[in-house]
1. Taking the chain as a Gaussian network, where each spring joins two C-alpha atoms under 10 Å apart, which residue of G234, G49, G225 fluctuates the most?
2. Only four residue types carry charge here, +1 at the Cβ of Lys and Arg and -1 at the Cβ of Asp and Glu. Report the dipole size of the chain about the Cα centre in Debye, rounded to the nearest 20.
3. I need to check one value: relative contact order of the chain, counting alpha carbon pairs closer than 8 Å and at least 6 residues apart, in percent.
4. Direction-averaged shadow area of the convex hull around the Cα atoms of the chain, nm²?
5. In nanometres, what is the gap between the two model label sites at M46 and V184, each 7 Å from Cα along Cα-to-Cβ?
6. How would F32, F116, F271 line up from fewest to most surrounding beta-carbon atoms within 10 angstrom?
7. Starting with the fewest neighbours, write out E298, E133 ranked by other beta-carbon atoms found within 10 Å of each beta-carbon.
8. Kindly put E19, E257 in sequence by how many other C-beta atoms sit within 10 Å of each C-beta, fewest to most.
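Bear in mind that the values in this text are calculations on the coordinates, not laboratory data. Predicted model, so just to flag it, every value in this text is computed and none were measured. So basically every Cβ, Gly included, is an ideal-geometry build from the backbone, and we count neighbours across all protein chains shown.
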Amino acid sequence: MSKQPLPIGNLAGQERTHERLRGIAYMVAAVFVFSIMDSLMKHLSMRYGPMQISCLRCLSSWLFLLPTITWQRAWGALRPRNPPLHLFRAVLGIGMLGGFVFAVHRLSLAQTYSLFLAAPLLMTALSVPIQGEKVSGKRWLAIWVGLMGVLVILQPWGKSSFSLIAASAAALATVCYSLSALTVRTLGRVNSSISMVFWYLLMVGIGCSVFAIGDWRPVLTSDWGWLIGIGVTGALGQMWLTDAFRRAPPSVVGPFEYTSILWAFAIDWIFWSASPSLSLIAGACIVIVSGIVIIIDERRLAGLAMNPACPPP
């Protein structure tokens, strides 16, 4: 008995589901290798300044990106469009990386990540004055609840294990990252993904080197292996992250970015014998739930936009 061919609509639906699953897999893999890269940078931060590490991180990943561009013959796609916005994004990248490395040197990886997880909340809030987007009351409530989660992590009302300066650096990194993510929406309309990654890594690497000149230290021979690891994981993570968003919408793959906190807990425990406090776990859970609420609401609105005849739930 012969099998009946599946309707074209079903085939398209299966292909879309398959692509989304691959996008999720790429996101989980990207978050994992970025966690490894961040732990390597934390190790090097014991001997080098934040800006030098940021410079080496970007330029090493940029060098590992070149073979991929050559293999794909994508040199023609590197032409930057809207150079001033590329430059502004690079400035934000310098602030983000410098603040992150400074924070992760003085805090545990889990503590730094827990503060950094507030980025989706800030992206939503900043999209109102910057891009004129409308944010529903539900999202504003999620933003405020998420910020309360940050306060639970910091515990300013009691004895906290956080360094105020390090927490401020992590906050600066989070704001810069949020603003940078918003610029990607505009740049992505006229630039290829490989172009944005190429110029971002190159300009941030050069910019960080300028700030690091006064405190530059010769790289020890024993540290070149760590730098190679940073370059490989940074390049892989950047490519997998780009592929994740290419295969699936942010509302699908976005929640899996929060798996970074699990890797951070594991890495802290294995390599630095650091266990998370109850306040850190509770605050991180509040921030994550608030971020997921925003992502789910975004998915709901996107669905309404595609099916305007459907009444809102």
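1. Fluctuation is largest for G225.
2. Values: 23 positive and 11 negative charges, 114 e Å.
My answer is approximately 540 debye.
3. 39 percent
4. Values: hull surface 84.7 nm².
Reported value for the Cα convex hull: 21.2 nm².
5. Taking the simple label geometry, M46 and V184 are separated by 3.2 nm.
6. Values: F32 18, F116 24, F271 12.
Final ranking by Cβ density, sparse to dense: F271, F32, F116.
7. Numbers: E298 17, E133 12.
Final ranking by Cβ density, sparse to dense: E133, E298.
8. Values: E19 14, E257 22.
If I rank by nearby Cβ atoms, fewest first, I get E19, E257.
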